[in-house]
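Worksheet: one structure, shown below.
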Amino acid sequence: MTLSFGRQFLAIPGPTTVPDEVLQAMHRPAIDIYAGELEGITESVRADMKRVFRSETADIYLYIANGHGAWEAALANTLSRGDKVLVLESGKFALGWGDMAIMMGAEVEVLPGKPQGSVDPSAVEARLRADAGHEIKAILVVQIDTASGVINDIAAIRGAIDAAGHPALFMVDGIASIGCVPFEMDAWGVDLALTGSQKGLMTPPGMSFVAAGPRAKAAAPTADMKTFYWDWDFREGELHYQKYCGTPPEHLLFGLRRALDMLLNEEGLETAWRRHALLAGATRVAIDVWGEGGVLSCRVPDPAERSDTVTTVSVGGGRDSAELRRFTQEVCGVTLGVGIGDLSENMFRVAHMGHVNAPMMLGALSTIDLGLKSLGWAHGSGAVEAAIAHLATATSVANDVAAE
Ligand SMILES: *Cc1c(COP(=O)(O)O)cnc(C)c1O
């Protein structure tokens, strides 16, 4: 029996659900790339991306690429072959960025994170203090690691760099976090930040964005890993097509323009952050209740380090996570994320990232609950009820009145 015919729910951490408004904005013929409307869209997107990154001082570069492209752009414009890079590990993604740096000619050192946890700022400070000769030129970290489900405290890591008095460039991957959780490029002293179109920005995959602050820009003239496509200099030329080093991705821009209107002007960035926090909180509450049965548990041990965009769930008790994912997908039409990273690990991921609201999240949680029952997995009862209670408290009219 299948109950899956109806709207499909994508609960994977990217690409995320694309709003109908964004899809509709993309459904139009191509337009001139040399003059007119598109130039205005480019300028408005660059201005609005500064609002998303929360930076007055950064320059925004637009790439027709996924997040990996933004990684390469960041490295190519700021580093030279042989430069030393410190990668702060907290899962899988910063390591991937570091592997890219190795292939491009950098020397990479990995600072391990806490087991299944975040970057420890005091370890960063100690490592940087030991680098008295300032050999380390850049520090790479992700804000949220999409594989482990961990969030790093970017402001605290900046504090550690400052405490060590170290001049390395501080570069942050916000692909799974920007637009969803607080990120403050200027206030946190981030030199370079990057993100992609297909997660918090609710747009199809295919564009990524680098925000280069003054110190990153100052490194560019002497950086020697540049190639033509990624080079910032060329992209600062006067002609519109130079901003993209070729034909602009018109339809992605139409979609992104609409998505930025939704995020910044209709919902508001801070409201979106709050929405993510609440839906993530409801998800974690449900997992804690299911966990009473001894099969499911939150994979990140420290509650303070669990991200508000993706929750990683460990499966034990002799059960196989693939079985639950198959049930939710094939019988119910809800796609959960597979575990990535250590392939032997028995886990799944639930995303609460981008264009998701209460019924979508409660629907996904209810479907997991249904799966546990249908498959006969031991679980605490009342998980969805507890998730609802969590949201009820946060949304109660009484709270609103009290807040006024
Ligand atoms: C998704 C993701 C990436 C990779 O982005 P792609 O668009 O798949 O290249 C990098 N870093 C983080 C934190 C991500 O979540």
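Scanning region 169-193 for residues that are assigned to a strand (DSSP E or B) and small (G, A, S) yields one hit, A193. Residues that are on the phi < 0 side of the Ramachandran plot and more than 15 Å from the ligand (Cβ to nearest atom) within region 66-85 comprise A76, N77, T78, L79, S80, R81, D83, K84, V85, listed in sequence order.
Look at L296 and say whether it is of a type outside the set (G, A, S), touching a strand residue (DSSP E or B) at 6+ places or on another chain (Cβ under 7 Å) and surrounded by 21 or more Cβ atoms within 10 Å (Cβ to Cβ).
yes
S314 meets the stated requirement of being at negative phi and surrounded by fewer than 22 Cβ atoms within 10 Å (Cβ to Cβ).
For the structure I just gave you, tell me whether A280 is in a helix (DSSP H, G or I) and under 23 Å from V119 (Cα atoms).
yes
Within region 94-145, how many residues turn out to be over 26 Å from I178 (Cα atoms) and within 13 Å of the ligand (Cβ to nearest atom)? Adding up the residues that qualify gives 0.
The numbers here are math on the coordinates, done by the rules we state, and not lab data. Everything numeric here is computed off the predicted structure, so don't read it as measured data. Quick reminder, even Gly has a Cβ in these numbers, built from the backbone with ideal geometry, and neighbours come from all protein chains shown.
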